[in-house]
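This report refers to the structure that appears directly beneath it.
No lab work stands behind these numbers, since they all come straight from the coordinates. The shown structure was predicted, so the numbers you read here are calculated from the model rather than taken from an experiment. Every residue, glycine among them, receives a Cβ derived from its backbone with ideal geometry; neighbour counts consider all protein chains shown.
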Amino acid sequence: MVLEIFSIVSLVEYNNYQGSAWMSAANGAVAEVNSIYTDAESFIKLREVNTELNSANTLLQQENEALRQALLDATHDTTLTERRIQQELVGFNQIPAKVISNKVCVGANNYLVVNKGTADGVRAEMGVVSSGGVVGIVYLSGAHTSIVLPVTHSKSSISCSIRGQSYFGYLQWDGRNTRTAYVDDIPRYAKINKGCVVQTSGYSNVFPPGIFVGRVTKVGNSSDGQSYRLDIVLGNDFASLRDVNIIATPYKAEIDTLNKHALQLTEQPE
């Protein structure tokens, strides 16, 4: 074995051709080893870089969500609609609440669940509003939660008027789209155009007058052809509704009692 090594060394050292061939082969082998080592090192570093990029991307997403929420909070009280709603509600006790369950489906009877109940002063038949306008009416209250019947429910019927005019009708939902509703029984001599504001009429003990409901998108004929039907785009996007205010109308119990007595009088035989 020693003689073989000695022979190879002598051959390479004292013969130019064999030495050159040996050096070329050795250099090629070293280059191949170096290439494998470099590729392995790059792969290991690439995994580290990929991990760092994923962490940075997650952090950026979190920062973006925080900035988005901060922007929403910063602009929460700046819309014209919300400012006007708050002006109309001056003197009314408002109970802030959050939507904790939201059933919103086209063609279904939708409802909301909020995180305030009788322990917070919430009672059935109280009006509910948000920054976008009328939401609905409290249907049932537990101690700490309440069910709200929104305007996107087939049984909802809220007295509305056209801003700046005396005409009024009842806001109803046809189940087609949770962003739209309609008002029927508007006189045909009324001058109403696309874009007119629809608001609460105040002809109830649930909502005060002037609370934004939506805007007219189309003026058409009612089913009997004797009056107008107004298609309305609602002020609220019920699919993303979160913060609401429940309105405690002053003297509601007194008004309810008077209405009950008045109804009894009308039902008495002459």
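What relative contact order, as a whole-number percentage, does the stretch 81-249 give when Cα pairs under 8 Å and 6 or more residues apart are counted?
26
Hey, any idea what Rg/Rh is for the stretch 81-249, computing Rh the Kirkwood way over Cα pairs?
Result: Rg/Rh = 0.97.
Based only on other Cβ atoms within 10 Å, what is the fewest-to-most ordering of TYR203, TYR111, TYR189?
Ascending Cβ contact count within 10 Å gives the list TYR189, TYR203, TYR111.
May I ask you to order 84-94, 129-139 by the average number of other C-beta atoms within 10 Å around their residues, highest value first?
Going by the mean number of other Cβ atoms within 10 Å, highest first, we get 129-139, 84-94.
What ³J(HN,Hα) values, in whole Hz, does the Karplus curve 6.51 cos²θ - 1.76 cosθ + 1.60 give for the stretch 126-138 when θ = phi - 60°, with x put for Gly and Pro?
Karplus-based 3J(HN,Hα) across the stretch 126-138 equals 8, x, 10, 10, 9, 5, x, x, 5, 9, x, 9, 4 Hz.
How large is Rg/Rh for the stretch 137-220, to two decimals, with Cα atoms and a Kirkwood Rh?
In the stretch 137-220, Rg relative to Rh is 1.01.
Please give the peptides 218-227, 156-165 ranked by average Cβ packing (other Cβ atoms within 10 Å per residue), highest first, as a rough proxy for protection.
The packing order, highest mean first, is 156-165, 218-227.
Order of LEU149, LEU112 from fewest to most other C-beta atoms within 10 Å?
Fewest-to-most Cβ neighbours within 10 Å comes out as LEU149, LEU112.
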